[in-house]
């Protein structure tokens with residue numbers, strides 16, 4: 001991660017820079033458009049220059065920066081007064097002119113060392129740079145003057161006329177300007193002698209593109225104003241960006257401004273359907289520069305990369321977006337704001353297809369977070385999206401389920417991350433995953449499994465998958481392992497919108513797969529220790545987090561809070577997608593929540609051969625204390641707890657201050673903890689006494 005984009009020329013040092021030595025002539029560590037390879041990538045590069053009149057063999061020379069070294073393999077010859085580009089793309093297999101790592105975007109000291117491995121031929125310390133800037137010698141081989149270049153010349157001569165060491169002042173709104181009429185106008189000001197160029201169509205202003213600012217800009221429609229200042233001897237300023245709306249400006253949500261062609265042009269647009277189907281494209285070549293602002297925040301808009309996100313959802317008219325904070329775009333060094341305290345280098349604007357998708361995903365997310373279900377879910381923030389001034393619908397802003405977020409929630413610096421049913425490696429290694437699953441398949445003892453797998457996590461994943469009966473449980477798989485002592489494999493819960501019909505036998509369906517697939521229902525049911533753990537956990541969840549009362553309260557509060565947002569989204573996309581209205585989705589989910597437990601318990605009873613029993617528990621008020629079922633809090637009042645024959649459950653009472661537990665009515669056992677045996681207990685009441693001081 002870079003520390004910033006302040007453009008200052010650092011102090012440069014030279015060692016053994018004899019006139020005839022090969023020199024570092026120019027470099028670019030944030031290539032955006034300067035050079036695009038055949039595969040669409042934009043590699044970093046270093047240009048070498050031979051100031052001598054003789055051909056030089058550079059085979060064996062090496063580059064070193066921030067502890068990494070690459071040795072140039074031969075044959076590599078550099079002619080007299082010639083240039084040679086070394087591509088720092090991390091793919092040395094492509095040829096001898098490709099290095100094994102990329103240049104650090106945050107800056108660093110690059111050394112060119114002779115083939116003897118000790119003689120330093122040249123060194124150059126460079127700072128973090130904005131996208132497409134290069135830095136190098138003012139002219140080829142110049143030993144004294146270095147400069148930034150807004151137009152890089154990889155493989156060509158450096159022909160700087162004067163050094164550029166700083167940046168022009170960013171345009172701001174001129175608060176001293178006196179408004180003379182009722183029109184909405186935008187007065188801008190920059191540093192003395194600077195030229196301001198601006199656009200109102202979402203495109204990026206450059207020295208050759210945009211309108212020269214001479215008078216305040218009239219704002220007469222939904223529009224995006226982007227402006228940049230230019231001054232002699234300075235780099236272009238950072239960008240000013242502001243989005244205007246014909247109605248009231250949105251107080252909440254997120255606003256994105258970008259070149260409309262980058263969004264919808266047939267050839268280069270990322271959101272194009274039809275014969276080009278650009279929405280299906282992937283990779284960095286299908287990212288587009290954009291400016292993003294979180295409405296209601298004091299933060300100014302910042303540059304980011306924007307791409308289409310997702311797999312199956314790409315085929316829907318309403319698509320998800322991914323935001324990339326990259327050095328090549330001059331994005332904030334600290335990343336994108338997820339909330340008041342957390343920032344990540346990437347973020348997702350999840351486009352739920354409608355209220356049915358939105359409510360199901362948000363319900364599961366909030367249930368897992370609020371009820372402390374033992375499986376991680378991505379936290380999200382609902383927010384309207386405005387794209388180039390137009391309302392685009394209701395989205396959810398969330399971190400991607402990748403290495404950075406998973407390392408953050410696990411408290412580990414590094415994690416192994418695997419994706420999909422094939423457990424494709426996204427980060428780290430899969431070395432220990434195969435042995436872990438092999439032991440699960442072999443029904444190894446519980447203590448052996450727990451050394452490799454977080455068993456509680458897998459069981460909770462299975463419970464949530466069985467309760468929803470989600471159709472794509474075998475495809476939406478993400479598993480990770482922290483690189484800590486005793487780090488174990490854990491699963492992530494995501495994309496929880498494809499719920500089964502309320503009476504579908506999900507137990508039978510998930511247990512009948514021909515291949516071993518997450519969450520491994522047949523193996524859990526066949527294991528002597530895991531089967532009772534699964535049944536006990538399902539009983540607990542259905543009496544607590546997924547009880548009809550608790551779940552309905554959460555759903556109703558969610559619907560009430562976000563109904564207006566969902567209805568606006570439904571209106572926006574009603575002509576593009578056929579989907580239920582928010583009220584219909586809400587009512588369907590209410591029915592599911594109330595009816596699903598009975599069906600699911602019956603299916604589990606049939607699959608295990610264990611008789612289903614019910615026990616009524618009278619839960620004291622919060623003022624008296626908390627009653628915990630297997631560690632989860634029961635709501636005050638009369639609670640029906642489902643239990644399976646031969647699977648005892650643990651009840652624990654924690655009295656509030658000034659109260660004490662006297663006895664248990666309907667159950668044997670002294671102390672604050674008892675075992676609920678479904679074969680013997682039908683109704684249990686803790687007897688609590690208020691202690692008089």
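For the range 501-567, what mean projected area does the convex hull of the alpha carbons give, in nm²?
In nm², the orientation-averaged hull projection of the range 501-567 is 6.6.
Quick check: the distance between the Cα centres of the range 341-355 and the range 252-300, to the nearest angstrom?
Between the Cα centre of the range 341-355 and that of the range 252-300, the gap is 15 Å.
Return one number: the angle in degrees, 0 to 90 and rounded to the nearest 10, between the long axis of the Cα atoms of helix 355-370 and the longest principal axis of the Cα atoms of the chain.
The answer is roughly 80 degrees.
Alpha carbon centre of the range 102-131 versus the range 567-644: separation in Å?
60
Could you give the angle, 0 to 90 degrees to the nearest 10, between helix 530-543's Cα long axis and the longest principal axis of the Cα atoms of the chain?
Helix 530-543 sits at roughly 90 degrees to that axis.
Please sort 132-140, 450-458, 265-273 by packing, taking for each peptide the average over its residues of neighbouring beta carbons within 10 angstrom, highest first.
Taking the mean over residues of other Cβ atoms within 10 Å, the ranking is 132-140, 450-458, 265-273.
Treating the angle as unsigned and between 0 and 90°, give the value, to the nearest 10°, between the Cα long axis of helix 582-608 and the longest Cα principal axis of the chain.
Result, in degrees: 60.
So what's the back-of-envelope 222 nm ellipticity for the chain, counting only DSSP H runs of four-plus at -39500 (n - 2.57) apiece and dividing by all residues, rounded to 500?
Rounded to the nearest 500, the figure is -6500 deg cm²/dmol.
So how do 388-394, 664-670, 223-229, 551-557 stack up, highest first, on mean other-Cβ count within 10 Å?
Peptide ranking by packing, descending: 223-229, 388-394, 551-557, 664-670.
Counting only Cα atoms, I'd like the Rg/Rh figure for the range 357-459, Kirkwood definition for Rh.
Ratio of gyration radius to Kirkwood radius for the range 357-459: 1.07.
What base-10 log of the normalised intensity I(q)/I(0) is obtained for the range 23-149 from the Debye formula, alpha carbons as equal point scatterers, at q = 0.09, 0.10 Å⁻¹?
Log-scaled intensity ratios, in q order: -0.23, -0.28.
Looking at the square roots a ≥ b ≥ c of the eigenvalues of the Cα gyration tensor of the range 412-607, which shape do they give, rounded for a/c under 1.5, prolate if a/b is larger than b/c, or oblate?
Note, shape of the range 412-607 comes out prolate.
Enter the Cα centre distance for the pair the range 408-485 and the range 670-691, rounded to the nearest angstrom.
Value for the Cα centre distance between the two parts: 36 Å.
Using 5 Å bins from zero, what percent of all Cα-Cα pairs in the range 121-191 falls into each bin?
P(r) for the range 121-191, in whole percents per bin: 3, 12, 19, 16, 11, 7, 8, 7, 7, 5, 3, 1, 0, 0.
With a ≥ b ≥ c taken as the square roots of the eigenvalues of the C-alpha gyration tensor of the range 611-690, please select rounded if a/c is under 1.5 and otherwise prolate if a/b is larger than b/c or oblate if it is not?
Judged from the Cα gyration tensor, the range 611-690 comes out prolate (a/c at least 1.5, a/b above b/c).
Any read-out appearing in this document is the output of simple, stated calculations on the displayed coordinates, not a laboratory observation. Predicted model, so just to flag it, every value in this text is computed and none were measured. Counting neighbours? That spans all protein chains shown, and the Cβs are built from the backbone with ideal geometry, glycine included.
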